[in-house]
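Q: The structure is given below, and queries will be raised subsequently.
Please treat every number below as a calculation from the coordinates, not as lab data. Bear in mind the structure is a predicted one, so any value in this text is a computation, not a measurement. Note that we place each Cβ from the backbone using ideal geometry, even for glycine, and neighbour counts take in every protein chain shown.
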Amino acid sequence: MNPWIHIPQLLAAGITMGAIYALVALGFVIIVRASQILNFAQGEFVMLGGVVTFFFITGAGLPYPLAALAAVLAVIVIGFLLHLLVVYPLRKASVLILIMATVGASIVISNTSALLFGTLPKALPPFSGDLPLELGGIRIVPQNLWVLGATFLLFFVLYFLSHRTLVGKAMEASSTDPLGADLSGIARNFMVFLAFGVSAGVGAIAGVLVTPIFYTSYNAGTLLGLKGFIAAVVGGWGKNSGAVLGGFVLGVVESTSIAFIPAGYKDAVAFVVLLLILYFRPKGILGSPYIDSRRW
Amino acid sequence: MVKKYNKGSRIEYRKRDILFTAGLWLVSLILPDPHLPYRREFIKKRDFFYVGALLLLPLILSGPLVYLMVLAGIYAIVALGLSLFLGYAGQISLGHAAFFGIGAYTTAILTTRYAVSPLEAFGASALAAAVCAYLIGKPILKLKGYFLALATLGFGEIFLVMVRESRSLTGGVSGIFGVPWFSVAGFAFDTSLKQYYLVWGVLIALVLFAKNLVRSKMGRTLLAVAASEDAAASVGINVAQVKVRVFVLSAAFAGLAGSLFACVLSTANPQGFGLGLSVLVVMMVIMGGMGNLYGPIFAAIFLTWLTDVLGGFQEYSLPIYGVILILLLIFFPDGVGTRLNERLIYLISYWGRKRRRERVDI
């Protein structure tokens, strides 16, 4: 059987997956731009976005758009709480301690959500029907277009926030030069606090968009978070554009790999890509402002 | 006067001599090195106390607790190896569960498919883990911080996927059953009491090895690398090589522990070797204190006991476990023992100063 005949369809699926990875990666980048902290619980925000929306629709009986909005707000509050309860007390701790603390937070969030909302996978109805569109022999579900559109919209909104507003510039300053930021009167801890909220919001929006395509269960967040981080590294660590590009590259590579290797190995592909990029071009495709090309 | 040895004369070796030397070298790894200064400090009084307590502990403990101590000992071996890599050399690894798994699967496959004796499989496990660590460590150990953590984590995930998918070799998700008990020369360690003495005996030997290593040139080099890689390189230390060596060594420890794990549970399946185990082992090292060999062992006993107790809470166990993890990190980021010791020393010295002050005042 010729594997190449499936390539166009797999490309379409890969681009959708890539958009989701890009959204998760953007969440990482927002926090990194403000504080050089890596939030291992980022994937849990995505999971919560889907699961909490499901809960608001079935449990509280809210209409779909309102439920999605309420879920995003709820997840933003959880992001604020994560900063206040876990990251803020550890602001002077070493990298290792922060990694372990955010891993601990992700264990708490995912298992608490299993307790509250059950362990069954959740599925939401698509935004605009599930009749696939035919485009040159490729079938595309309308939800995929929603995901793509939302990714680019969020990318431009975040670009505007970080490059054209005072808050965004203050956030970036508090990461690149902490002492200088302090001297010019920037409340650095507040900036990190805000960054956690924005990042949680972006994650939750990704979760709402993803749940109609894939089933979201309580333990889906970990792997999604890891792949989002890989996307951010592949594209260029700490760059919004890098996160989006890395997401698409990772999604396409992972999806087209199905044509050539057994589907069970799909999850390993992302990590192989990570090891390759860390070895041959550690600063990512677009380069990174935070990583010296020589050593870091 | 004794005639000086003539340098030009040819020395005849016999095979036996080489074997004898190799044996001596192996023993010297465990025994304290007589040429080191501060020889008296190598084994302190508290070590005799610890060993005595270990020997007598099964008399007090009931059956399930002995089994728990067997598991704790196995995790302590991994934690000890990781302590060298994480506590002494200052690197981060979230992938040690993979080396543990490689050890367990090597033993399981060799003993069930190829009828290799468990003792040989024990050695082969360490070798397999060390070879994997060398191959993976060579490229990724130039990374630092978050990136090293992520790369090792990625290796762990790849290992899990490989184990799940190569069903003909590893039995897929259900794993391999019927691994024989560990046995040496016909003596099988078939009860948990015997396994207790086996595991903790191996651990004591490894602790002595690690203590020797830490006090050797290699150990000082590790501390230098942890303090500053640039400074270490400037005094002529091959930083990359040192990191790879200590990574390989800690992976070999994890491989040994994995082999014991497979023999004790008589099974190897991928559920036990995920990110959860890596996090648990890193927590043991953090709780025990960085740059400390005894701390991780105590932390291993404590955390194994904790996970067992929390298992009784059914579905609440994991959230509580996560909360305890975060609280421990927030309140004891330098390890429970270290922080308490510091406070205790501070209090005692404060008390001493107070008495001296009062005496001066009078």
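Q: Where does each of A:217, A:175 land when they are ranked from fewest to most other beta-carbon atoms within 10 angstrom?
A: Values: A:217 19, A:175 22.
Going from sparsest to densest Cβ surroundings: A:217, A:175.
Q: For the protein assembly as shown, with the dipole built from +1 on Lys and Arg beta-carbon atoms and -1 on Asp and Glu ones, taken about the Cα centre, which of B:313, B:224, A:201 lies farthest toward the positive end?
A: Value computed over the given set: B:224.
Q: Normalising by the residue count of chain A, find the relative contact order in percent from Cα pairs under 8 Å and 6+ residues apart. Walk me through the numbers on the way to the answer.
A: On the way: 489 pairs, mean separation 106.7, N = 296.
This gives 36 percent for chain A.
Q: Need one number: nm distance between label points at residue A:115 and residue B:120, each 7 Å from Cα along Cα→Cβ, rounded to one decimal.
A: 5.1
Q: Quick one: which of A:266/B:211; A:239/A:266; A:227/B:217; A:122/A:266; A:227/B:211 span more than 32 angstrom between C-alpha atoms? Write down the numbers at each step before the final one.
A: Details: A:266/B:211 43 Å; A:239/A:266 26 Å; A:227/B:217 40 Å; A:122/A:266 22 Å; A:227/B:211 39 Å.
Flagged as over cut-off: A:266/B:211; A:227/B:217; A:227/B:211.
Q: Quick one: putting +1 on the C-beta of Lys and Arg, -1 on the C-beta of Asp and Glu, what dipole do you get for the protein assembly as shown around its Cα centre, in Debye to the nearest 20? Don't jump to the answer; show the numbers that get you there.
A: Details: 48 positive and 26 negative charges, 557 e Å.
The dipole of the protein assembly as shown has a size of about 2680 debye.
Q: Something else about it: Decide, for region A:220-296, between rounded, prolate and oblate: order the square roots of the alpha carbon gyration tensor eigenvalues as a ≥ b ≥ c, take rounded if a/c falls under 1.5, and otherwise choose prolate if a/b is larger than b/c, else oblate.
A: Note, shape of region A:220-296 comes out prolate.
Q: Which loop chymotrypsin sites (Phe, Trp or Tyr not before Pro) in region B:103-174, with loop taken from DSSP, have no more than 12 other Cβ atoms within 10 angstrom of their Cβ? Please list the in-between numbers first.
A: On the way: sites: B:105, B:114, B:122, B:134, B:146, B:147, B:155, B:159; in loops: B:114.
In loop regions of region B:103-174 (DSSP not H, G, I, E or B), the sparsely surrounded chymotrypsin sites (Phe, Trp or Tyr not before Pro) are B:114.
Q: Another question about this same structure. Calculate the tail of P(r) for the protein assembly as shown: the fraction of all Cα-Cα distances greater than 48 Å, expressed in %. Mind dumping the intermediate values first?
A: Numbers: 44446 of 216153 pairs.
The share of Cα pairs beyond 48 Å in the protein assembly as shown comes to 21 percent.
Q: What nm value, rounded to one decimal, do you get for the distance between residue A:266 and residue B:314 when each label is placed 7 Å out toward the C-beta?
A: 3.4
Q: Can I ask one more? When A:239, A:122 are ordered from fewest to most other Cβ atoms inside 10 Å of their Cβ, what list results? Before the final figure, lay out the partial values.
A: Working: A:239 24, A:122 21.
The order, fewest Cβ neighbours first, is A:122, A:239.
Q: For residue B:49, put the label point 7 Å out on the Cα→Cβ axis and report which residues of region B:288-302 keep their amide N under 20 Å from it.
A: B:288-289, B:292-302
Q: Here is a further query. For region A:220-296, what's the relative contact order in percent, using C-alpha pairs closer than 8 Å and at least 6 residues apart? Walk me through the numbers on the way to the answer.
A: Details: 90 pairs, mean separation 27.6, N = 77.
The value is 36 percent.
Q: Have a look at A:224, A:257, A:244 and report the one farthest towards the positive end of the charge dipole of region A:220-296, computed about the Cα centre with Cβ charges (Lys/Arg +1, Asp/Glu -1).
A: Result: A:244, furthest along the dipole toward the positive end.
Q: Which of the helices in chain A, when you take each full DSSP H run, stretch at least 20 Å along the axis at their Cα atoms and have an average Kyte-Doolittle score of 1.0 or higher?
A: A:7-35, A:42-58, A:64-82, A:95-117, A:142-164, A:188-210, A:221-235, A:266-280
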